[in-house]
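Colleague: I'd like to ask you about the structure that follows.
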Amino acid sequence: MAGGLEPHLAALRRELGGPAVLSVLVALIAVAITFLLWRFVQGRKSSRKAVLLLGLCDAGKTLLFARLLSGRYRDTQTSITDSSAVYRLSQDKSTNVTLIDLPGHESLRLQFLERFKAAARAIVFVVDSVAFQREVKDVAEFLYQVLVDSTVLRNAPALLIACNKQDVTMAKSAKLIQQQLEKELNTLRVTRSAAPTSLDGSATGGPAQLGKKGKDFDFSQLPMKVEFVECSARGSKGEEGEADLEALQKWLVKVA
């Protein structure tokens, strides 16, 4: 019996010492490296728990911030510093993010964004849908500065364009706002350098291309996922009513 098995055992030993084993080892090493890289990327993402609220002055960021946290209306004024608080998701009380409302004034917004951008898991860029037509160039300018920043490009946080004040009759739709922003951003990337500099002005490398070279810009070309929603921090019934933030809240659950 033993003599009959010997040829088979010898063949198995030869096979284990040949190319087949090497191929298996290479495949296992490749799987291990892929897993370690995935864990590293997931670890970096999970360490970023902040959701930044950005936008121009009077876009409604601070009221939106207050509504998300308390559900109640409150009178607000132009912010000159940041405000932050833990936001617990209604579907899962054990999951939370840190909401950070940043000043929208032109002299302050980049300074505060520089301070918090590395912690951003997601960004909510709030747009005044009523004033959008006259502010479109300023809105696009600020958004452009965010999108070509080297840290934002590297971390690619989820981005939501929240088209606020939809309770007002003259508010522009999310679709129109998206089209106009794509047009303005396309113009901006042609007329200025797109170097991926830090917001403090320090260069970090070669020029960044916003979108795909040779094609008109659209948001699908960015490394991060970009979505648009319509919302109203004030609500259709004003101070006495509830805000219309359902789409925003669902998005926060998704990115948390």
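Colleague: If you go through region 147-171, how many residues are at pLDDT below 95 and among the small types (Gly, Ala, Ser)?
Modeller: 1
Colleague: Name, by its number, the condition in (1) open to solvent by less than 10 Å² (accessible area, probe 1.4 Å); (2) under 30 Å from GLU242 (Cα atoms) that does not hold for LEU185.
Modeller: Going through the list (1) open to solvent by less than 10 Å² (accessible area, probe 1.4 Å); (2) under 30 Å from GLU242 (Cα atoms), LEU185 breaks only (2).
Colleague: In region 52-71, what count of residues is obtained for those that are open to solvent by 40 Å² or more (accessible area, probe 1.4 Å) and in a helix (DSSP H, G or I)?
Modeller: Total satisfying the criteria: 2.
Colleague: Among (1) closer than 15 Å to LEU252 by Cβ; (2) of a type outside the set (A, V, I, L, M); (3) without any contact (Cβ under 8 Å) to a residue 24 or more places away in the chain, there is one condition PHE125 misses while meeting the rest; what is its number?
Modeller: (3)
Colleague: Show the residue pairs that are 6+ apart or on different chains and have beta-carbon atoms under 8 Å apart, the first residue being within region 61-76 and over 22 Å from HIS105 (Cα atoms), the second being at pLDDT below 90 and open to solvent by 20 Å² or more (accessible area, probe 1.4 Å).
Modeller: From region 61-76, the pairs are GLY71/GLU242; TYR73/GLU239; TYR73/GLU240.
Colleague: Could you list all residues from region 119-167 that are over 16 Å from the mean Cα position of the chain (by Cα) and open to solvent by 10 Å² or more (accessible area, probe 1.4 Å)?
Modeller: Selection gives ASP128, VAL130, GLN133, ARG134, GLU135, VAL136, LYS137, ASP138, GLU141, LYS165, GLN166, ASP167.
Colleague: Would you pick out the residues in region 236-256 that are assigned to a helix (DSSP H, G or I) and either touching a strand residue (DSSP E or B) at 6+ places or on another chain (Cβ under 7 Å) or among the aliphatic types (A, V, I, L, M) (or both)?
Modeller: Let us first name the residues in region 236-256 that are assigned to a helix (DSSP H, G or I), namely 238-240, 246-255.
ALA247, LEU248, TRP251, LEU252, VAL253, VAL255 - these are the residues of region 236-256 that are assigned to a helix (DSSP H, G or I) and either touching a strand residue (DSSP E or B) at 6+ places or on another chain (Cβ under 7 Å) or among the aliphatic types (A, V, I, L, M) (or both).
Colleague: Sticking with this structure for a sec: Tell me the residue from ARG115, ARG88, ARG74 that is open to solvent by 60 Å² or more (accessible area, probe 1.4 Å) and touching a helix residue (DSSP H, G or I) at 6+ places or on another chain (Cβ under 6 Å), please.
Modeller: On the way: ARG115 fails: touching a helix residue (DSSP H, G or I) at 6+ places or on another chain (Cβ under 6 Å); ARG88 fails: touching a helix residue (DSSP H, G or I) at 6+ places or on another chain (Cβ under 6 Å).
Going through ARG115, ARG88, ARG74 in turn, the sole match is ARG74.
Colleague: Sticking with this one: Among the candidates ILE123, ILE100, which residue alone is in contact with a Ser or Thr (Cβ under 7 Å, 6 or more places away or on another chain) and either of a type in the set (Gly, Ala, Ser) or under 25 Å from LEU181 (Cβ atoms) (or both)?
Modeller: Working: ILE123 fails: in contact with a Ser or Thr (Cβ under 7 Å, 6 or more places away or on another chain).
Within the list ILE123, ILE100, the selection yields ILE100.
The values are calculated or read from the model by the stated rules, or taken from the named source; none is laboratory data. None of these values were measured; they are calculated from a predicted model. We place every Cβ from the backbone using ideal geometry, glycine too, and count neighbours over all the protein chains shown. These area figures cover heavy atoms from the full protein model, side chains too; ligands, DNA and RNA do not enter into them. Shrake-Rupley method; radii C 1.70, N 1.55, O 1.52, S 1.80 Å.
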